[in-house]
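Everything on this sheet refers to the single structure shown next.
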Amino acid sequence: MSAATAAPAGVRTDARISPRAHLRHTGALVRRNLLWIRQDPESMFDAVLFPVVFTLLFVYVFGGSIGQSLGGGQDAYVQYIVPGLMAMMGMNMAQGVGTGFNQDFNTGVMDRFRSLPIGRGSVLFAKISVELVRMLIATTILLVVGVLVGFDITHWPGLFAAVGLSTVFGSALMWIFLTLGVVMKNAQSVQAMGFLVLMPLQFGSSIFAPTRSMPGWLQNFTEYNPLSALADSARGLMVGGPVAHDLWMVLAWSVGITAVMAPVAIHKFRTKT
């Protein structure tokens with residue numbers, strides 16, 4: 001069966017599959033993706049090395065100067081940057097789901113999946129589930145390295161809440177990159193588009209430094225930047241401070257992105273030829 005005729009059949013197959021079968025299909029695909037990581041451990045290099053490299057880089061290169069502006073030197077900057085990097089890890093891991101999804105298309109794996117009587121949404125949910133596991137691994141490594149360089153965890157319930165909030169927002173971003181993985185021709189295009197999106201959002205936020213010294217127009221941008229809200233809410237939960245406004249903003253962004261992009265990603269996947 002050609003890809004052009006498989007897509008409409010896939011839509012009809014989806015309608016006949018029960019929710020229980022969807023869960024069973026998702027679980028089988030999650031196992032398949034985890035086994036693939038086991039066979040290709042190099043695919044975990046970004047999740048393992050990014051937290052280590054970025055934490056050491058920002059703490060020991062920028063920690064002294066930015067920490068002085070915070071009024072406490074490098075120790076104060078460690079308390080500032082680790083929750084911020086948690087927000088950045090979520091976005092970086094979300095980008096990886098798009099490149100991996102695109103590579104699966106180019107190698108013919110997705111054609112095989114779409115020829116099987118499985119729910120099309122199960123393929124996407126399985127991909128997101130495995131990427132969330134990678135995100136949690138990266139976050140755990142980030143926190144371990146952070147503690148080694150002096151990060152003081154003072155609110156353990158807040159720590160778990162911050163991890164959960166970062167996971168919710170990261171899963172919402174994955175729908176954007178899944179859509180890019182479907183519509184872009186190759187993985188390099190997905191990476192390039194992701195870079196264009198990530199860089200302004202990351203550096204135009206409060207992840208790496210306080211925003212009060214930024215120009216007025218950039219401060220206005222950071223106020224509505226979801227990464228700023230995520231970083232600030234993580235800091236409030238983990239080290240103390242105001243949380244409510246930023247927390248609700250992150251949740252609103254997460255729900256909005258998922259509500260818009262999840263149907264788009266599933267539709268593009270079903271109809272891709």
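Quick rundown of the values:
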read-out	value
Surface accessible to a 1.4 Å probe, per residue, for the residues of the chain, Å²	48 Å²
Size of electric dipole in the chain: Cβ of Lys, Arg +1 and of Asp, Glu -1, about Cα centre, debye, nearest 20	1320 debye
C-alpha center-to-center spacing [the range 194-254, the range 78-114] in angstrom	20 Å
Dipole moment magnitude, nearest 20 debye, the range 118-228 about Cα centre, only Lys, Arg, Asp, Glu C-beta charged	340 debye
Computed [θ] at 222 nm, helices only, for the chain once each DSSP H run of length n ≥ 4 contributes -39500 (n - 2.57)	-27500 deg cm²/dmol
Cβ-derived FRET efficiency at R0 35 Å, Trp217 paired with Gln39, nearest 0.05	0.10
Gyration tensor over alpha-carbon atoms, the range 123-171, equivalent ellipsoid semi-axes in Å	24, 13, 6
Descending Cα extents along the principal axes, the chain, whole Å	66, 39, 34
Percent carbon-and-sulfur accessible area, the range 214-256, ignoring ligands, DNA and RNA, probe 1.4 Å	73 percent
Percent RCO, i.e. relative contact order, over the chain, from Cα pairs under 8 Å lying at least 6 residues apart	28 percent
Rg [Å, one decimal], Dmax [Å, integer] - the range 40-163, C-alpha atoms	18.2, 60
Neighbour cut-off at most 14 other Cβ (10 Å), DSSP loop, trypsin sites (Lys or Arg not before Pro), the range 172-249	Lys185, Arg212
Cross-link reach list, aspartates and glutamates versus Lys185, counting only Cα pairs under 20 Å and skipping chain neighbours closer than eight places	Asp104, Asp111
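The values are calculated or read from the model by the stated rules, or taken from the named source; none is laboratory data. Everything quoted here is computed from the prediction, not taken from an experiment. All Cβ positions, glycine included, derive from the backbone under ideal geometry; neighbour counts span all protein chains shown. Please note that ligands, DNA and RNA were not included when accessible areas were found on the heavy atoms of the full protein model with its side chains. Shrake-Rupley method; radii C 1.70, N 1.55, O 1.52, S 1.80 Å.
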